[in-house]
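No lab work stands behind these numbers, since they all come straight from the coordinates. Note that the structure is predicted; figures quoted are calculated from it, not measured. Cβ placement follows ideal geometry from the backbone for every residue including glycine, while neighbour counts extend to all protein chains displayed.
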Amino acid sequence: MNKKEDLNFEDAIEELEEIVDDLEEGGLALKKSLEKFSRGIELIKYCNEELNKTEKKIEVLIKNDKEIKKIVPFEDEFGQ
């Protein structure tokens, strides 16, 4: 992925969904399939990095907020 590329998380997810649809649909030449797969891997890495950065920011915000006594995992909050 080009470092100068203007990409945000939502656009990356949208592009990734399009790639998955294209690959699942089939009919692409092997070379084109490989190009799309490679781009998908780049997008997954980008999204994971963005999610990790966001998670760290949230942890800092929670840690700095002295009123929060307990962090409840999202799943547990809804009894799942």
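Modelled label positions at Ser33 and Leu61, each set 7 Å beyond Cα in the direction of Cβ, lie 4.3 nm from each other.
Compared with the alpha-carbon gap, the fully stretched path from Glu17 to Cys47 is longer by 9.6 nm at 0.36 nm per residue.
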